[in-house]
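Undergrad: This is the structure, below, for whatever I ask next.
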Amino acid sequence: LLAGFTLVLLAVASATGYVLAGRAMVPITRYFKRQQEFTADASHELRTPLSILQASAEILEEQKQQLPPLHQKVLQHMKEEIVRMIRLTEQLLALARSDSHPPHSGYAVSSLRQIIRTIVERMKIPASKKNITIAMIGPAADSLKFFGDADQMNQLLYILLDNAIKYSSAGEKIMVQTFRSEAGDMVIKVTDHGIGIPAEDIPNLFERFYRVDKARSRELGGTGLGLSIAYRIVEMHGGKISVTSEPGKGSTFEIVLPESSIKKENNHDQ
Ligand code: ADP
């Protein structure tokens, strides 16, 4: 009887836009807003103690030689986990922001090619540690400008390249390709020759905290949030992100940005 009553109540609640929180009935929009605010506040509050922990670990690092081998190992683990926590809080904050910010706020015209070139140059450093090369392929003289959030586009490419590096073996090649489709859309493809993704995981890949191999992702410093942020960024720019992959052969992530997010040079009209 109680279960039946709860079901009826839930049906009424969802039909009227209300959700049960504690004892009160709270409108769903207000409930979600509170959740977003909580995530944003919690991530923000976590930053300070994490920075302090990081600074403390660095002080210990300076005295590393004086520590016994076991303590050196513990210190190394601590440092890795602190970095992962910092990343996690930053990513949660990014998601909370993207959930609460109105779309198109902070949009401006910038060179997409320049954004890609800058991030590729930056990612060549971690890639070189695994002897991985990153090639950039696209029209040499690209007069196309991108109308959107340059920081977010930067973050999107960072996530895709970071994954491509993480899930590739040493010595592999990564390719970033840009071109315009026949329909006039801007296409960006990030291809790696890494471990690939099983077909059954692909539909869930862009969900928050979804990881194909949790242990592997953890070991590589992953959080399972990167692709959900990538998805949100592309979605907010009116585009689409998709993946084709073959286990053992590699993956290609494709972003299609609509023509409306592309501007010809010297045309700053929106
Ligand atoms: P993570 O922080 O775990 O990398 P992401 O949200 O960025 O989280 O990615 C989710 C999962 O998708 C990863 O854990 C990994 O299993 C898989 N994945 C993402 N990119 C690639 C890639 N380029 N090659 C193989 N697997 C990938």
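Undergrad: Cβ-Cβ below 7 Å, separation at least six or inter-chain, first residue in the stretch 204-218 and under 17 Å from Ile229 (Cα atoms), second in a helix (DSSP H, G or I) and hydroxyl-bearing (Ser, Thr, Tyr): which pairs?
TA: Phe206/Ser228; Phe206/Tyr231; Glu207/Ser228; Arg208/Ser228; Arg211/Ser217
Undergrad: Okay, moving on. In the stretch 224-265, how many residues are touching a Phe, Trp or Tyr at 6+ places or on another chain (Cβ under 8 Å) and either free of Cβ contacts under 8 Å to residues at least 12 places away in the same chain or more than 20 Å from Phe179 (Cβ to Cβ) (or both)?
TA: Looking only at that region, the number is 5.
Undergrad: Note down all Cβ pairs under 7 Å where the first residue falls in the stretch 123-137 and is without any contact (Cβ under 8 Å) to a residue 40 or more places away in the chain, the second is among the β-branched types (Val, Ile, Thr), and they're at least six residues apart or on different chains.
TA: What qualifies is Lys124/Ile134; Pro126/Ile165.
Undergrad: Still on this model: Has the stretch 59-75 got at least one residue that is modelled with pLDDT of 80 or more and closer than 26 Å to Leu92 by Cα?
TA: Yes; the residues of the stretch 59-75 include at least one that is modelled with pLDDT of 80 or more and closer than 26 Å to Leu92 by Cα.
Undergrad: Taking into account only those residues within the stretch 133-161 that are of a type in the set (Val, Ile, Thr) and in contact with a helix residue (DSSP H, G or I) (Cβ under 6 Å, 6 or more places away or on another chain), which is nearest to Glu90 (Cα to Cα)?
TA: If we take residues in the stretch 133-161 being of a type in the set (Val, Ile, Thr) and in contact with a helix residue (DSSP H, G or I) (Cβ under 6 Å, 6 or more places away or on another chain), then Ile159 is nearest to Glu90 (Cα to Cα).
Undergrad: Hey, does the stretch 223-234 have a residue that's modelled with pLDDT under 90 and within 7 Å of the ligand (Cβ to nearest atom)?
TA: yes
Undergrad: Okay, moving on. Being more than 9 Å from the ligand (Cβ to nearest atom) and not in a loop (DSSP other than H, G, I, E, B) is the filter here, so list the residues in the stretch 192-201 that pass it.
TA: Ala199, Glu200
Undergrad: Conditions: (1) surrounded by fewer than 15 Cβ atoms within 10 Å (Cβ to Cβ); (2) in a loop (DSSP other than H, G, I, E, B); (3) within 8 Å of the ligand (Cβ to nearest atom). Arg216 meets all but one. Number of the miss?
TA: Every listed condition holds for Arg216 apart from (2).
Undergrad: Identify all residues within the stretch 220-244 that are over 20 Å from Tyr158 (Cβ atoms) and not in a loop (DSSP other than H, G, I, E, B); write none if there are none.
TA: Result: Thr244, single match.
Undergrad: Separate question: Looking only at the stretch 236-251, filter to residues that are within 15 Å of the ligand (Cβ to nearest atom) and either farther than 23 Å from His193 by Cα or of a type in the set (Ser, Thr, Tyr) (or both); which one of those is nearest to the chain's Cα centre (by Cα)?
TA: Ser242
Undergrad: Scan the stretch 187-213 residue by residue and report those that are surrounded by fewer than 17 Cβ atoms within 10 Å (Cβ to Cβ) and among the basic types (Lys, Arg).
TA: Of everything in the stretch 187-213, just one residue is surrounded by fewer than 17 Cβ atoms within 10 Å (Cβ to Cβ) and among the basic types (Lys, Arg), namely Arg208.
Undergrad: Let me ask another. What's the total number of residues in the stretch 86-110 that are modelled with pLDDT of 85 or more and touching a Leu at 6+ places or on another chain (Cβ under 8 Å)?
TA: Residues in the stretch 86-110 being modelled with pLDDT of 85 or more and touching a Leu at 6+ places or on another chain (Cβ under 8 Å): 5 in total.
Undergrad: Next question, about the same structure. When you go through Lys166, Lys189 one by one, which is the residue that is closer than 14 Å to Val120 by Cβ and within 15 Å of the ligand (Cβ to nearest atom)?
TA: On inspection, the qualifying residue turns out to be Lys189.
Undergrad: Keeping to the stretch 56-88, report how many residues are of a type outside the set (D, E, K, R), farther than 22 Å from Glu219 by Cα and surrounded by 11 or more Cβ atoms within 10 Å (Cβ to Cβ).
TA: 3
Undergrad: Any residue in the stretch 144-161 that is more than 15 Å from the chain's Cα centre (by Cα), in a helix (DSSP H, G or I) and either within 8 Å of the ligand (Cβ to nearest atom) or surrounded by 13 or more Cβ atoms within 10 Å (Cβ to Cβ) (or both)?
TA: No, because not a single residue in the stretch 144-161 is more than 15 Å from the chain's Cα centre (by Cα), in a helix (DSSP H, G or I) and either within 8 Å of the ligand (Cβ to nearest atom) or surrounded by 13 or more Cβ atoms within 10 Å (Cβ to Cβ) (or both).
The values are calculated or read from the model by the stated rules, or taken from the named source; none is laboratory data. Since the model is a prediction, treat every value here as computed from it, not as a measurement. Every residue, glycine as well, gets a Cβ built from its backbone with ideal geometry; the counts of neighbours run over all protein chains shown.
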